[in-house]
Amino acid sequence: MNNLKELNNVFCQFHPQHNIHFIKLSLEKAAELKCDECILNESYKKDLISIQTIRFCQDDHIFMNWPPLSNNELLKEIKELVTMNSIIIEQIESEFDKISKQITTYLLSEKKKMIQRALRFSEQVEEITQSYQKIADINKLKEHINFNQENIQSQINKLQSFVNKLMKQKDQNTTILQEHLNSIYDEQNKNDIFYHQVQSQIQEQINNFINNFKQVIPCRQHNHIYMLYDKAIISNNCAIEYKKDLQKMLIKKDNLIGSGELYFNYDLTKNKKYIVRFKFNDEAGNCFNIGLMNKSKIFNSLSNNHLAKAFGNSYTTYSSKVVKGSHFYLVKKDLIVEMRINISEQKLQFLDYPNQANINELNDDYKSSLKPDDTYHLAIQFISNNTYTTCIDLIYFEEIQI
């Protein structure tokens with residue numbers, strides 16, 4: 001660290017008026033010290049490391065060009081993984097903050113209902129207490145027991161008269177108090193049932209809240225294709241209810257051969273129609289398919305079942321026919337593709353959203369592969385003899401009851 005501090009006073013050998021700020025890595029000279037003026041004339045800047053960054057960076061900082069490697073793409077991948085891990089943790093914290101607020105709001109609502117019932121019960125207890133006090137007439141009884149030796153017999157007579165009066169009313173008084181008690185017991189039984197139901201509902205609701213955030217969308221990884229998720233944990237139910245962004249994916253293909261697929265673990269059936277929108281964030285590679293994978297044949301390939309449409313830089317009409325406009329296939333930045341899925345009618349359509357100038361749908365020859373009684377998942381397949389990186393957002397999901 002002392003050596004780094006001394007670099008503040010080191011001047012460039014080519015530009016003596018400038019402090020050095022960079023280290024340049026090269027095969028010829030291994031390492032050279034460079035100033036700001038130097039790098040203005042450098043045509044290739046990826047070999048430069050900032051001295052200030054070295055001085056002040058944390059121990060976990062990932063440099064994009066250090067240490068020297070024969071494949072610097074590894075550093076990029078490590079950087080992406082570190083970034084992804086941070087985002088996942090932030091997302092988990094954010095989602096559980098939301099669930100905590102939802103649970104708190106729900107519990108406060110149920111607490112209010114239970115307190116209202118308890119207050120009604122308290123009113124009934126107050127009513128029977130008042131009836132008892134009226135019947136018992138304790139104050140009158142107190143007067144009659146205020147004995148005095150001088151007129152004790154008179155006082156005893158008054159007490160007997162008071163007791164006799166209440167004795168004659170005992171059936172009537174018993175009926176009044178019994179009716180109040182029966183009413184209270186009925187309410188108490190209702191409350192017991194209500195509290196039990198609320199308790200069960202609260203437990204069920206909390207379980208639902210928690211289960212919503214347990215769903216991790218799995219992917220299949222093979223042939224050097226892998227998926228890095230911007231949102232690793234999502235709630236299918238919440239996402240469908242609010243129709244928010246469901247998933248963002250960074251897909252990287254780092255070899256020239258082979259293919260790979262991922263699918264979304266959410267059941268699509270004939271009981272509903274679905275609208276799904278994908279947004280492309282760059283031009284992507286030569287070819288990939290978007291479509292449906294039969295749940296019972298999840299390890300098959302989209303290119304084999306033909307329940308998909310191809311997109312990419314190469315012209316293709318794979319599995320689609322034109323309903324309106326023409327075949328659209330080029331992947332452009334910010335292009336949004338809408339899928340309309342109706343398994344019951346064996347219909348799978350693709351539209352350019354929002355203009356809907358072009359509508360392509362599943363070829364008639366392949367409609368029989370979309371079996372109404374089967375369950376399907378959304379799926380994406382990556383194929384082509386090149387390497388590429390692309391980012392696709394699943395920005396909209398809607399299901400409509402048939």
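The values are calculated or read from the model by the stated rules, or taken from the named source; none is laboratory data. Keep in mind it's a predicted model, so treat the numbers as computed, not measured. When we count neighbours, we look across all protein chains shown, and the Cβ atoms used for this are built from the backbone with ideal geometry, even at glycine. Calculation scope for accessible area: heavy atoms of the full protein, side chains included, ligands and nucleic acids excluded. Shrake-Rupley method; radii C 1.70, N 1.55, O 1.52, S 1.80 Å.
Assess whether residue 328 counts as being hydrophobic (A, V, I, L, M, F, W, C), open to solvent by 10 Å² or more (accessible area, probe 1.4 Å), modelled with pLDDT under 80 and not in a strand (DSSP E or B).
Spelling it out, it is not the case that residue 328 is hydrophobic (A, V, I, L, M, F, W, C), open to solvent by 10 Å² or more (accessible area, probe 1.4 Å), modelled with pLDDT under 80 and not in a strand (DSSP E or B).
Could you say which residue among 320, 368 is farther than 14 Å from residue 276 by Cα, modelled with pLDDT of 85 or more, of a type outside the set (Asp, Glu) and exposed (fewer than 14 other Cβ atoms within 10 Å of the Cβ)?
Going through 320, 368 in turn, just one is farther than 14 Å from residue 276 by Cα, modelled with pLDDT of 85 or more, of a type outside the set (Asp, Glu) and exposed (fewer than 14 other Cβ atoms within 10 Å of the Cβ): 368.
Pick from the stretch 371-392 the residues that are open to solvent by 30 Å² or more (accessible area, probe 1.4 Å) and modelled with pLDDT of 90 or more: which of them is nearest to the chain's Cα centre (by Cα)?
Here the answer is 375.
Quick check, is residue 333 under 26 Å from the mean Cα position of the chain (by Cα) and part of a loop (DSSP other than H, G, I, E, B)?
So residue 333 fits the description; yes.
If you check every pair at least six apart or on different chains, which have Cβ atoms under 6 Å apart with a residue in the stretch 119-146 that is closer than 24 Å to residue 159 by Cβ first and a residue that is part of a helix (DSSP H, G or I) second?
Listed pairs, sorted by first residue: 131/176; 131/180; 135/173; 144/158; 144/159; 144/162.
Would you confirm, using the coordinates I've provided, whether residue 74 is modelled with pLDDT of 80 or more and more than 30 Å from residue 198 (Cβ to Cβ)?
yes
Can you pull out the residues in the stretch 297-317 that are of a type in the set (Lys, Arg) and either in contact with a Leu (Cβ under 8 Å, 6 or more places away or on another chain) or open to solvent by less than 50 Å² (accessible area, probe 1.4 Å) (or both)?
Scanning the stretch 297-317 gives a single hit, 309.
Can you list residue pairs whose Cβ atoms sit under 8 Å apart, with the first residue in the stretch 53-82 being at negative phi and exposed (fewer than 12 other Cβ atoms within 10 Å of the Cβ) and the second being β-branched (Val, Ile, Thr) and not in a loop (DSSP other than H, G, I, E, B)? Count only pairs 6 or more apart in sequence or on different chains.
60/82
Pick out the one residue from 102, 116, 130 that is part of a helix (DSSP H, G or I), closer than 30 Å to residue 204 by Cβ, open to solvent by 50 Å² or more (accessible area, probe 1.4 Å) and at pLDDT 85 or above.
116
Can you go through 199, 155, 160, 169 and tell me which one is surrounded by 11 or more Cβ atoms within 10 Å (Cβ to Cβ) and in contact with a Phe, Trp or Tyr (Cβ under 8 Å, 6 or more places away or on another chain)?
Every option except 155 fails the conditions.
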